[in-house]
Amino acid sequence: MAQNGVFTPPAIGRNDMSPLLRRTSMKAFMASIFGMGVLRFLLTLSGLPDSTVKYFSMSAVIILGTLYFAVTTPTHRDRLHAAFFLIIPYMIVEVAALAYTWATGHRTIFHSADYSMGFSPLQHTLGHLAGGLTWEPLILFILMEVVWGIYTLAGRLFART
């Protein structure tokens, strides 16, 4: 940045996303997603059938977080950041569980026929890595924007009556 003709480098370690990460609600959702994933992994390792373990859903917690942050974040940029932050704990658990399956050959719910679409554990893991950095948070962001738009429009319509 040039100020009065003098170049001033940006602040080292500056994090524009830190206000959202400091919110208790974001920490709670991230911890809940991670905790649900760990619980899901432990339940599948303990031998519970997939038909039971499937009800311990990280996706359900992510959807709740998506709806919450759609109406509580003030800017489009904040909603984009929230979408990525909600996917991070999911990706950590998903990739770790798939790596476990890949390394040990022990099948978990994370690589069952219902979720793997016929891919090998390595392909499935790489697919989640790619998706977690691209289309998965993008879909959450689009959903947040739609919910935010409906919420904002409804607020304007009902505020006039």
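Restricting attention to the range 43-90, the residues being among the polar types (S, T, N, Q), under 23 Å from Gly132 (Cα atoms) and assigned to a loop (DSSP other than H, G, I, E, B) number 3.
Of all residue pairs spaced 6 or more apart or on separate chains, those with beta-carbon atoms under 6 Å, a first member in the range 86-108 that is over 12 Å from Val38 (Cβ atoms) and a second member that is among the aromatic types (Phe, Trp, Tyr) and surrounded by 18 or more Cβ atoms within 10 Å (Cβ to Cβ) are Leu98/Phe110.
Close Cβ contacts (under 8 Å, 6 or more residues apart or on different chains) running from residues in the range 114-127 that are touching a residue at least 24 places away in the same chain (Cβ under 8 Å) to residues that are surrounded by 12 or more Cβ atoms within 10 Å (Cβ to Cβ) and not in a helix (DSSP H, G or I) comprise Asp114/Lys54.
Okay, residues lined up against (1) among the acidic types (Asp, Glu); (2) surrounded by 10 or more Cβ atoms within 10 Å (Cβ to Cβ); (3) modelled with pLDDT under 95; (4) within 26 Å of Thr66 (Cα to Cα):
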{"residue": "Asn4", "(1), (2), (3), (4)": "no, no, yes, no"}
{"residue": "Pro9", "(1), (2), (3), (4)": "no, no, yes, no"}
{"residue": "Ile12", "(1), (2), (3), (4)": "no, no, yes, no"}
{"residue": "Leu21", "(1), (2), (3), (4)": "no, yes, yes, yes"}
{"residue": "Thr24", "(1), (2), (3), (4)": "no, no, no, yes"}
{"residue": "Phe29", "(1), (2), (3), (4)": "no, yes, no, yes"}
{"residue": "Ser32", "(1), (2), (3), (4)": "no, yes, no, yes"}
{"residue": "Gly37", "(1), (2), (3), (4)": "no, yes, no, yes"}
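If you take the residues of the range 140-161 that are assigned to a helix (DSSP H, G or I) and charged (D, E, K, R), which of them is farthest from Pro74 (Cα to Cα)? Residue satisfying both the conditions and the ranking: Arg156.
The values are calculated or read from the model by the stated rules, or taken from the named source; none is laboratory data. As the structure is a computational prediction, the values presented were derived from the model and not from experiment. When we count neighbours, we look across all protein chains shown, and the Cβ atoms used for this are built from the backbone with ideal geometry, even at glycine.
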